[in-house]
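Presented below is the structure to which this report refers.
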Amino acid sequence: MPKILVITRIYTSMLESFKTKTWQPTGMPGYYKLLEGLDKEWEVDAICLGKIPHRGIDKREFHKFDNSDVKFHVLPYNNVAILGRYLSRVINEIEQFFSCLSIFMKNDYDLVYVDRVNIVYGAIFATFFRKKVIVRLFGVCLLIKRMEGFKKWLKEPLRYLSFKAPFKYIICSKDGSDAKHFFKKFVNKRIPYEILLNGVDRTEDSGLSKDDTSYLRRKYNIPKERKIILFLSRLAEDKNPVLFVKALSELRKRCSNFFAVMVGHGPLKSALLEEIGKNRLEDFVKIEDAVEHNIVYKYFHSTDIYVSLSSMGNLCNTVLEAINAGKCIVTFQKDETGHTDLDTAEILSDKAIFIDKGRILEELPGVLERLLKNNDRIKELSVLTRGLSSGLLKSWDERIEYEIEIFRRIINS
């Protein structure tokens, strides 16, 4: 049986699974569903590398979950505070590389799969060990920021050189970042690649129960006259959750017929709770920790307006799920200078409401106020996104099968 080595960073969505030792990913379906698919045909080793400290994961661990044959090697980030952040990071990179190399040398892998963070590892295995390597990029916004300009080339030459390595394939998410620009400017022209939308969880209306479509309203006892606004994202600076809460504070001064649910975890959670308390929004905004991916559809199907404020692009999984559920979407307009949301604007076009990324506090309260006072407009945009869904989106099963077919082709070549 062919063997595949998967090398990625430790994704936040996998932390709960590693801590509880039960398979319960809370996001990143493009990663965990791929592992589930690969596991059906091949022997898979998955190395998960800590690039930052993760609470509860402080020693090297091996995991094998009950419903999977995938072998997980979890290598944490060891923070050597006395050496400072830079030296600590360098030491961790060296230790993790040799740990990966040890696993690699003990097994005759037919294919290696790496993510953006571990592109250098992939380049080494492709160049010096002549291995077939697939690179997976979950968006390129950070790469563009870190690679544009000669000074940045000097700062991280290995990253630049890695994209010239003889990879067999690069698969990139169409997530709102400017992948076309990135491949044209930075990637070896001989490497075949595809830029693909992620999948969605297909739940037909006929399969939805009343409990599904009223899930949030029942959970928080929200009156019918109040519209539900959903914000589902990691609570980190690039997702702009603090500005979202500040915009809701301004909205509260103008109208009160809304209830916002924020779902996610991240470093800004404490700041958000403080902001909510300071502005007396406890009866208008609730924050939940990340939920298991298999019930996320209930959140979308029981909401009225979905807001996405990612500075790195807004064709991410959650926006695709909002399109799939036929929801009124508010997000950023395209930013050609920053290389974000060109695809978002093209795909959503007149089917969503767009605001200026640099004017969230000035524009978002007014946009939401007008929607809350015009239910027909919410319904109109919902119908338009639902119509877009059928021709645009694939189920996760279809999407993962397409990707696995690429694996089959390369392994058999």
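I need VAL330, VAL112 ordered by Cβ neighbour count within 10 Å, fewest first. Intermediate values should be presented prior to the final figure.
On the way: VAL330 23, VAL112 27.
Ascending number of Cβ neighbours within 10 Å: VAL330, VAL112.
For a test of the definition: using alpha carbon positions, the gyration tensor, and the 1.5 limit on a/c, classify region 1-101 as rounded, prolate or oblate.
On the way: a/c = 2.43, a/b = 1.68, b/c = 1.45.
Prolate is the answer for region 1-101, as a/c is 1.5 or above and a/b outweighs b/c.
At a Cα cut-off below 13 Å, give the aspartates and glutamates reachable from LYS180, other chains included and same-chain residues fewer than 8 away excluded.
Reachable aspartates and glutamates: GLU194, GLU336, ASP341, ASP343.
Any idea how far the Cα center of region 1-32 sits from the one of region 140-205, in Å?
Between the Cα centre of region 1-32 and that of region 140-205, the gap is 22 Å.
Would you kindly state how much longer the chain becomes between GLU336 and ASP397 on full extension, computed as 0.36 nm times their sequence separation minus their alpha carbon distance, in nm to one decimal? Intermediate values should be presented prior to the final figure.
Working: separation 61, 0.36 × 61 = 21.96 nm, distance 3.30 nm.
18.7 nm is the gain from fully extending GLU336 to ASP397.
Listing ILE222, ILE406, ILE170 from the residue with the fewest other Cβ atoms within 10 Å to the one with the most, what is the order? Before the final figure, lay out the partial values.
Numbers: ILE222 18, ILE406 15, ILE170 22.
Ranking ILE222, ILE406, ILE170 by Cβ neighbours within 10 Å, fewest first, gives ILE406, ILE222, ILE170.
What is the spin-label model distance, in nm, from ILE406 to ASP283 if the labels are put 7 Å beyond Cα along the C-beta direction?
Here the answer is 5.1 nm between the modelled labels.
All other residues with a Cβ under 13 Å from the Cβ of GLU282 taken together, and with Lys, Arg as +1 and Asp, Glu as -1, what is their net charge?
Details: positive: ARG252, LYS278, ARG280, LYS286; negative: GLU274, GLU275, ASP283.
Once all neighbours under 13 Å are counted, the net charge is +1.
Which of PHE97, PHE125 comes first, and how do the rest follow, when ranked by fewest Cβ neighbours within 10 Å?
On the way: PHE97 15, PHE125 24.
Taking fewest neighbouring Cβ atoms as first place, the list is PHE97, PHE125.
Between ASP376 and THR213, what length in nm is gained on full extension when 0.36 nm per residue of separation is reduced by their alpha carbon distance? If you can, show how the numbers build up before the last one.
Details: separation 163, 0.36 × 163 = 58.68 nm, distance 1.89 nm.
56.8 nm is the gain from fully extending ASP376 to THR213.
Ordered by residue, what ³J(HN,Hα) values in Hz, to whole numbers, does region 268-280 give under the Karplus form 6.51 cos²θ - 1.76 cosθ + 1.60, where θ = phi - 60° and Gly and Pro are x?
With coefficients 6.51, -1.76 and 1.60, one gets 9, 4, 4, 5, 5, 4, 5, 5, 5, x, 4, 9, 6 Hz.
Residues of region 319-356 with backbone nitrogen within less than 19 Å of a virtual label 7 Å along the Cα-to-Cβ line of SER390, please, listed as ranges.
321-328, 348, 351
Near LYS246, which lysines are there with a Cα under 21 Å away, not counting those fewer than 8 places off in the same chain?
Within the straight-line cut-off, LYS246 pairs with LYS227, LYS269, LYS278, LYS286, LYS357, LYS373.
Compute the FRET efficiency between ILE103 and LYS253 as 1/(1 + (r/R0)^6), taking r as their Cβ-Cβ distance and R0 = 56 Å, and round to the nearest 0.05.
Numbers: r = 57 Å, r/R0 = 1.02.
Rounded to the nearest 0.05, the efficiency is 0.45.
Excluding residues on the same chain fewer than 8 positions from LYS40, give the aspartates and glutamates whose Cα lies under 18 Å from its Cα.
Qualifying aspartates and glutamates at Cα under 18 Å: ASP66, ASP69, ASP110, ASP397, GLU398, GLU401, GLU403, GLU405.
Of [x] 33; [y] 59; [z] 41, which is the value of percent of Cα pairs over 31 Å apart derived from the coordinates here?
Label of the calculated value: [z].
If you stretched the chain out fully between LYS164 and PHE128, how much longer would it get, using 0.36 nm times the residue separation minus the C-alpha to C-alpha distance? All intermediate terms of the calculation are to be shown ahead of the outcome.
Details: separation 36, 0.36 × 36 = 12.96 nm, distance 1.33 nm.
So the extension gain works out to 11.6 nm.
For a test of the definition: using alpha carbon positions, the gyration tensor, and the 1.5 limit on a/c, classify region 72-159 as rounded, prolate or oblate. Please report the intermediate quantities before stating the final value.
Numbers: a/c = 1.96, a/b = 1.14, b/c = 1.72.
Verdict is oblate for region 72-159.
Taking the chain as a Gaussian network, Cα atoms linked when under 10 Å apart, which of LEU381, LEU87, LEU315 shows the biggest mean-square fluctuation?
Sorting by GNM fluctuation, first place goes to LEU87.
Only the coordinates and a few stated rules stand behind these numbers; no lab work does. Predicted model only: the values in this text are computed from it and were never measured. When we count neighbours, we look across all protein chains shown, and the Cβ atoms used for this are built from the backbone with ideal geometry, even at glycine.
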